[in-house]
Every structure is written in structure tokens, then in C-alpha cells.
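Just so it is clear, none of the values below were taken in a lab; they were calculated from the coordinates. Being a predicted model, the structure only gives us computed values, none of them experimental. Note: ideal-geometry Cβ built from the backbone for every residue, glycine included; neighbour counts use all protein chains shown.
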Amino acid sequence: MASIKESDSSIGREAETALISFTLSQQLQSPTLRCFFLNTIFNLELDPISVQSRDDAFEAFFSRYSLLCNLAANTNRAIESITHWQFAEIVIVVKDNPSDPRHKVISRIPGSQQLDWEQHGWDSHLAATVLDLAAGVWSMLSIGRFSGDVSYEEPIFWEDKESLGEVIRKYLPSTPESQDMVKLPQTFTAAHLEQIGGIKVIWTSNLADHLLLKDDDTKLILFHQVSILQLHKAPQSILFQEGLVDETIRTISLLVPPILGEFNPWFLKQRRKHKIDAQAGNCARLNSSQRQIENFVFWRDRLVLLKRTFDDAEPRSISQLWWDDRKKTQWFTFWVAVLVFFMTVFFGVIQSVAGIVQAWASVQSLKAQNAPSKSPS
């Protein structure tokens with residue numbers, strides 16, 4: 001088992017004891033427990049203090065983890081008695097055997113000498129459910145059918161003769177089909193997609209849904225678990241194709257660019273509405289050469305389709321017209337014409353009112369002149 005730094009060995013023993021006693025029905029709230037759990041499944045050496053100092057302490061990941069545990073428990077109540085320590089052991093079995101078919105991975109789980117599965121009523125159904133849960137938490141994919149879990153594509157099923165590596169390669173994009181060389185300017189952001197194109201951003205924790213357009217191209221599905229993506233860069237894993245994790249982070253940076261190293265206002269507004277990972281709005285900003293479409297391989301097809309949809313979108317409201325500066329000359333000409341029109345109307349109204357007032361004053365003056373003067377008595 002991986003552990004945290006030697007200098008924090010006493011903290012590690014306390015966290016280990018807590019993970020052994022805490023069941024999946026109990027959330028991991030403290031930064032120390034979260035740190036130890038992540039160190040264990042990712043084989044890292046995160047410091048609890050650094051985890052605690054983060055503005056979200058991996059809140060988005062552990063919210064997702066807790067949700068999946070609850071949904072899996074609805075499928076099989078026996079899962080509620082499994083501890084976080086035992087679950088971490090299962091995740092390690094899954095990630096350390098990415099080339100083994102599913103049935104072989106299942107056979108390895110009860111064989112762990114550190115687990116006593118008899119008290120959990122271990123059977124094939126429980127094994128299958130726990131395996132789907134562990135694989136989904138580790139790979140950031142919605143694996144298995146857990147009622148209540150949101151996925152905008154077809155559910156991902158890990159077949160008995162497939163390895164997890166094969167499942168990931170089947171459901172995540174690889175070689176691009178599109179040869180279109182679209183331009184990805186600075187204005188190609190999630191904020192502009194909403195403000196100009198009327199394309200609403202829906203956040204997801206399922207990597208397979210990333211950059212999908214849904215509901216007649218009116219919704220964009222955007223993956224946000226960047227903190228966990230960054231942890232996947234550290235361990236040597238063959239689950240994801242080389243470059244996939246880095247490119248995924250770059251697509252998020254492309255659509256949610258920081259401004260002068262700070263969160264942009266649109267992202268801050270999104271965070272107030274949704275439980276999304278803060279790191280999704282804190283990726284390194286891409287320069288012009290990094291935004292070239294040829295630099296994207298895995299997500300190129302979805303980016304091209306999204307850019308085409310954005311280019312074809314016509315503003316349907318005054319606010320969308322105001323934000324639509326994709327063609328700056330047309331935008332400037334249009335709003336100058338609008339300004340001239342309203343000024344013409346405004347001064348026309350003023351002139352009309354002035355004419356009315358002047359006419360009224362003239363009438364009153366004539367009345368005063370024609371009024372009979374009173375003769376002295």
C-alpha cells in the first residue's frame with residue numbers, strides 16, 4: 001500500500017485506521033483522510049496541508065465519489081458495509097491489471113489477503129457492482145448502470161472478456177476522422193458559446209461525454225474534474241493513451257481560459273451554481289500556436305463540430321447581438337447604425353415635442369391678444 005510522507009507517519013497511521021473503519025456510506029470529509037485515500041489509489045505523496053490549502057480540497061471528486069457509492073448501494077445494499085480502505089484495495093487491483101479481462105480481475109479481488117469478504121456476503125453480483133464502481137471512480141467514466149447517474153451517451157458496460165484498457169480505448173476518442181482545419185480564436189470560449197450561440201454548458205464528471213453536443217446542438221457537455229486529471233499524469237498508467245490527459249486539460253483551458261492568472265467572471269458564476277472543480281478554471285492559458293487545431297488529436301473531431309456549430313449560430317436576442325463580435329467590422333457597423341437610428345428617433349421626438357410646445361405657445365399668445373380688454377367702470 002502507498003503511504004504519505006515518512007514525516008507524517010503518525011498522521012498516516014491515524015488516517016489508515018479511519019479508512020479501515022469508515023464504510024462507503026460515510027463520507028471522507030477531512031483533508032487528511034482525503035489525502036491518504038488519494039495517495040493510496042494514485043501511489044502519490046500528497047501532503048495533507050497542501051490538500052487542505054486548496055480552495056476546494058478535491059471537493060468535486062469526493063462529491064462524485066460519495067454519489068456513486070450511494071447509487072451503487074441502491075443496486076446492492078451489501079456495498080454499504082465495505083470500508084474505504086477495502087475499496088481502495090479494489091481500485092489498486094483494477095488499475096494494476098489494466099490488460100486482464102474482467103472475469104480475471106474479479107477473481108483477484110476476493111483473493112486479497114487483507115480483505116475478509118465473507119462478512120460482506122461476497123457473491124458474483126456484489127463483485128460485479130464493486131468492480132464497476134472502482135473502475136468508474138478510477139477512470140472517471142460512468143461504468144455500469146447505476147440508476148440516477150447522469151451520462152449523456154450510452155452507458156459504458158465492461159464486458160466479461162474485455163480488459164479495462166480496451167473499454168477505455170473503445171469509449172474515448174483516439175484517431176481523428178475530420179481533416180478540417182478550423183481556426184480556434186481567443187473568442188472561442190464557453191462563455192461566448194453561451195452568450196452568442198445560445199449553447200448552454202452542462203458540466204460532467206464522465207470523461208466520455210466531454211465536448212459532446214446534445215439536444216439539437218443547444219447543450220455542450222464539458223468535463224471538469226481537472227484536479228484528478230492532473231493526478232493521472234503522475235503515475236505510469238497504460239489505461240489512457242499517451243497524451244490524452246494533457247490534451248483534455250488543454251481543451252478545458254481553451255474553452256475556460258483564465259484572465260491574467262485569475263478565474264474569469266463567467267467561470268466564477270458557474271461555480272456559484274454548480275459543484276465543479278475549481279481547477280477547471282485555473283488551467284494554463286493557451287497561446288495562439290497552442291490553439292491550432294492540428295495540436296489536438298483525441299478531441300479534434302468534437303472541437304471541429306463545436307466550432308462549426310458556433311460559426312453557424314445566429315444571434316436570436318439583443319444580448320446575443322451585443323456579444324457577437326466574431327466579425328468586428330460588421331458588429332461595429334451594425335451598432336453604429338443602431339446608434340444613428342436611435343439618435344434620429346430621439347432627436348425627432350425632441351423636435352416634434354418642441355414643435356408642439358411652440359404651437360401651443362403660439363395659440364396661447366393669440367388667445368391673449370384677442371381677448372377683450374376690460375373697460376374702466
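The table for this structure:
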read-out: Cα gyration tensor shape of segment 46-97, rounded if a/c is under 1.5, else prolate or oblate by comparing a/b with b/c; value: oblate
read-out: For residue 91, net neighbour charge (Lys/Arg +1, Asp/Glu -1) across residues whose Cβ lies under 13 Å away; value: -1
read-out: Charge dipole of segment 190-323 about the Cα centre (unit charges at C-beta), most positive-ward option of 274, 313, 289; value: 274
read-out: Lys pairs under 25 Å by Cα in segment 190-323, provided they are eight or more residues apart or on distinct chains; value: 16
